[in-house]
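First up is the structure itself, then whatever we jot down about it.
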Amino acid sequence: MTVPDAIVLRGLRKTFGETVAVRDLDLVVPEGALYGVIGPNGAGKTTTIRMILSILLPDRGALSVLGRPSALEAKDRIGYLPEERGLYKRMRVGQFLAYMARLKSADGPGLQARIRQWLERIDLGGVEHKRCEELSKGMQQKVQFLAAIVHRPALLVLDEPFAGLDPVNQRLLRELVTEEHRRGVTVLFSTHIMAHAEQLCDHVVMIHRGEKVLDDRLSDIRARHVPRTVVFEPLDPAAAAEALARVPGVARVSVTGRTWELALAPDAAPASVIQRVAAAIPPARVELTRPSLEDVFFRIVSARPAEHGGAAPGAGAAGGSGAGPAEARP
Amino acid sequence: MKKVLRVAKREFVATAGTKAFILGILVLPLVIGVLMLVIPRMAMEDPPAIEGRVAVIDPTGRVAAGLSAYLEPARIAQRRRQAFERMQEAMPPALRTASGMGGRGGSAGRKVAGSLAGAVPRLEIVTIGAGIGVEQAKQALTAAAPQERPARPDLALVVVHQDAVQRQPGADRFGTYDLFVRAKLDDRVIEEIQDGMRDSIVGARLSQAGLDRTQIEALTTVGRVKSRTVTAQGEGRTNEVLNRLIPMALMALLLMSVLTSGQYLLTTTVEEKTNRVVEVLLSAVSPMELMAGKILGQFAVGLLMLALYLGLGLIALLTFASLGLLDPALILFLAVFYLLAYFSLGAFMAAIGSAVNEMREAQGLMMPVMFVVMIPWLLWLPISRDPNSLLAVALTFVPPLGSFVIMLRLASSTPPPLWQTLLAIAAGAAGVWASLWFAARVFRIGLLMYGKPPSLATLVRWARSG
């Protein structure tokens, strides 16, 4: 049985003035999947998400969200946590959440009780009657996340959901997203911190300068990028790294403080090299490491010619004076 | 539509449910009420008693005595008392009671009568002989009061012309007099001297001509009567003040409601954008639903203000027994033209709010709105004096200005023909359509635009490209 698609993008393109923010993007997110959209700042992630949500209209291309040609027709089944998020400062927390739920047609007698349960779940029991402006920034972010899920959506779109959260709340948010995913919700989230995507998603889409450069399952990416680096820490801090450079199968040794990174020669078998290295210098630690998504990203980006005029990694998006909206900047 | 109404409800509650709004809406009638009670009382405070000398050079020898008699304190007090009684006569009974001036028996009335007797100027008329020249006499007006009478300085110098009482042979006209006064002399004293001179010279001329002054005054005096307005509800005293005030009050009410609710719309839109709550909202409603909800919510806020102030106005008219002066159809027209004016200006203000990053940036873009709002104030007098002039008729069909102009005209003594009212409604509706079209396009683009504040030309470009 084929799983229906929650999101389908075909040849989506968006320009702001002279700048191409999203370039002919194709993407299919099946229902029930947990997709991570990664890429540096200004890559076009927010613009893509805004087009999925029909907050921005594409210049070209077609899209389908939850089986509808526009998210406007399926808004009530979508939960969205934008990167530029805020609250009505003077509104009370409970009122704000109820208002957002009702705007998404999730009314009914159980709404207030559900809001209270959710607030308890995110350690915010008792803030229901407080004004939003009385909450700390972290608490406000958790309330904003609740506003995205309080109406029990079928599709959850999160734009940089971990930005500004402390490690404890980052873990809580990961748990909440995982819970929603287990409930059957399709989750699409964007982040420029690739470790977050590695921890959470099962499928990764990389965007660079408005173009999709990778669209694959995380497990397949890992399978393709086999471990070719050994991290080594000598037992004797005075040991010389040059000795390992002479070990057969080691192509290169780079030293960062007490940690040495050994790049394996193309044909070398990792197990034999580790044995030989450990024999040469007694190790405190020796570990075969996988390339991180960040390594994969840089590997892909460095292999591509810089032919397009899109925004470079880390660069801001189009300015505010063009004919269309620029990516919002705080 | 359900979402639009939800947004509208929140907008209404978030605006009209705040303490600031409730206090604000009550402050205006309170201030007006307090002023109505306090100003008459303040006006009745004792004026400073002025003492001094008025020098007269009178070559005719027949004017100074009359002036001296006219300026006697007892006669001044009597004249003021008569003026007060005339003013009291013209005042609506309810206002007279409210301001504490209820007849001679009223506390304020008693106070006025008392103060009139005690605080009148005490002027001593001094006749200067012909031996002293005018220039020399004038010097006393700039000098300090002499030591022997420090509290009674020289206040004025009157120089009566030689032919003031008797014409020169062959001349058509009589001569008059010159009046020189000390700097910063109270204008009421100057008026008293002028009136006294007129009275004295006229008396002298009549006497010279051998005429009986009492008889002439009797022959030339016709008492001024108050007109009585006849309406379907009966007959009542015509109230010229209210007749003139009602058109202006209706227009002011319309302007105030439109401007206040439009300003709230601008503020809340800017706030939503500044708070970054707007994108959260856009995940639940479309930009059009958001804009429509906000406009409707603030429409209700303005309607609430309109109803409240109109209700207070009607109560005031009822108190003055002048309810018949307000045609009930005017209230209906007020609601219709409020709707048209608000939707035109409000939509524009919502568009401005969506385009800017903070309130300060909105000021420049608000110029067209302010311009539209200023014109009815500037043209109030010419339009109310001639409600069917070419200017008034032409402006009636220029939205959103027409809504304000036609309210002035409808409430005037010569209301416009029905076709003009209907055409004004049609023009207003077209204005609303254009304004909503413009606002919808700007709103969608502006909401997510941060950074450089746009100019009016940029908004027009967005509207055309949107």
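So here's what we get for this one:
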{"item": "Residues (of a type in the set (S, T, N, Q) and farther than 12 Å from A:V157 by Cα) located in the range A:27-83", "result": "A:N41, A:T47, A:S54, A:S64, A:S70"}
{"item": "Considering residues of the range A:39-65 that are touching a His at 6+ places or on another chain (Cβ under 7 Å) and surrounded by fewer than 22 Cβ atoms within 10 Å (Cβ to Cβ) only, the residue farthest from the other protein chains (Cβ to nearest Cβ)", "result": "A:P40"}
{"item": "The lone exception for A:A195 - which of (1) without any contact (Cβ under 8 Å) to a residue 40 or more places away in the chain; (2) surrounded by fewer than 16 Cβ atoms within 10 Å (Cβ to Cβ) it fails", "result": "(1)"}
{"item": "Helices (runs of 4 or more DSSP H) lying entirely in the range B:231-323 (those with 1 or more residues that are at pLDDT 90 or above and closer than 30 Å to A:L72 by Cβ)", "result": "B:240-274, B:287-319"}
{"item": "Residue in the range B:396-410 that is under 30 Å from B:R276 (Cα atoms), assigned by TED's automatic domain parsing to the domain that holds B:S261 and not basic (K, R) present", "result": "no"}
{"item": "Count of the range A:95-111 residues which are assigned to a helix (DSSP H, G or I) and either within 11 Å of another protein chain (Cβ to nearest Cβ) or farther than 20 Å from B:K3 by Cβ (or both)", "result": "8"}
{"item": "The lone exception for B:T269 - which of (1) away from every other protein chain (no Cβ under 14 Å); (2) crowded, with 24+ Cβ neighbours inside 10 Å it fails", "result": "(1)"}
{"item": "Residue in the range B:448-463 that is more than 14 Å from chain A (Cβ to nearest Cβ) and either assigned to a loop (DSSP other than H, G, I, E, B) or touching a Phe, Trp or Tyr at 6+ places or on another chain (Cβ under 9 Å) (or both) present", "result": "no"}
{"item": "Criterion: at pLDDT 85 or above, in a helix (DSSP H, G or I) and β-branched (V, I, T) - qualifying residue of B:T60, B:T15", "result": "B:T15"}
{"item": "Qualifying residue in the range A:187-197 (condition: of a type in the set (S, T, N, Q), under 30 Å from A:V286 (Cα atoms) and under 14 Å from the mean Cα position of the chain (by Cα))", "result": "no"}
{"item": "Conditions (1) within 9 Å of chain B (Cβ to nearest Cβ); (2) crowded, with 20+ Cβ neighbours inside 10 Å; (3) over 18 Å from B:R6 (Cα atoms); (4) not small (G, A, S); number of the one not met by A:K89", "result": "(2)"}
{"item": "Some residue of the range A:126-144 being aliphatic (A, V, I, L, M), away from chain B (no Cβ under 11 Å) and assigned to a helix (DSSP H, G or I)", "result": "yes"}
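Residues are listed down the side, and each one gets a yes or a no for (1) on the phi > 0 side of the Ramachandran plot; (2) of a type in the set (K, R); (3) within 14 Å of chain A (Cβ to nearest Cβ); (4) touching a residue at least 12 places away in the same chain (Cβ under 8 Å):
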{"residue": "B:V278", "(1), (2), (3), (4)": "no, no, yes, yes"}
{"residue": "B:V285", "(1), (2), (3), (4)": "no, no, yes, yes"}
{"residue": "B:E289", "(1), (2), (3), (4)": "no, no, yes, yes"}
{"residue": "B:A307", "(1), (2), (3), (4)": "no, no, no, no"}
{"residue": "B:P328", "(1), (2), (3), (4)": "no, no, no, no"}
{"residue": "B:I331", "(1), (2), (3), (4)": "no, no, no, yes"}
{"residue": "B:A341", "(1), (2), (3), (4)": "no, no, no, yes"}
{"residue": "B:V356", "(1), (2), (3), (4)": "no, no, yes, yes"}
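The values are calculated or read from the model by the stated rules, or taken from the named source; none is laboratory data. Because the structure is predicted, anything quoted here is derived from the model rather than measured. Neighbour counts run over all protein chains shown; Cβ positions are idealised from the backbone, glycine included.
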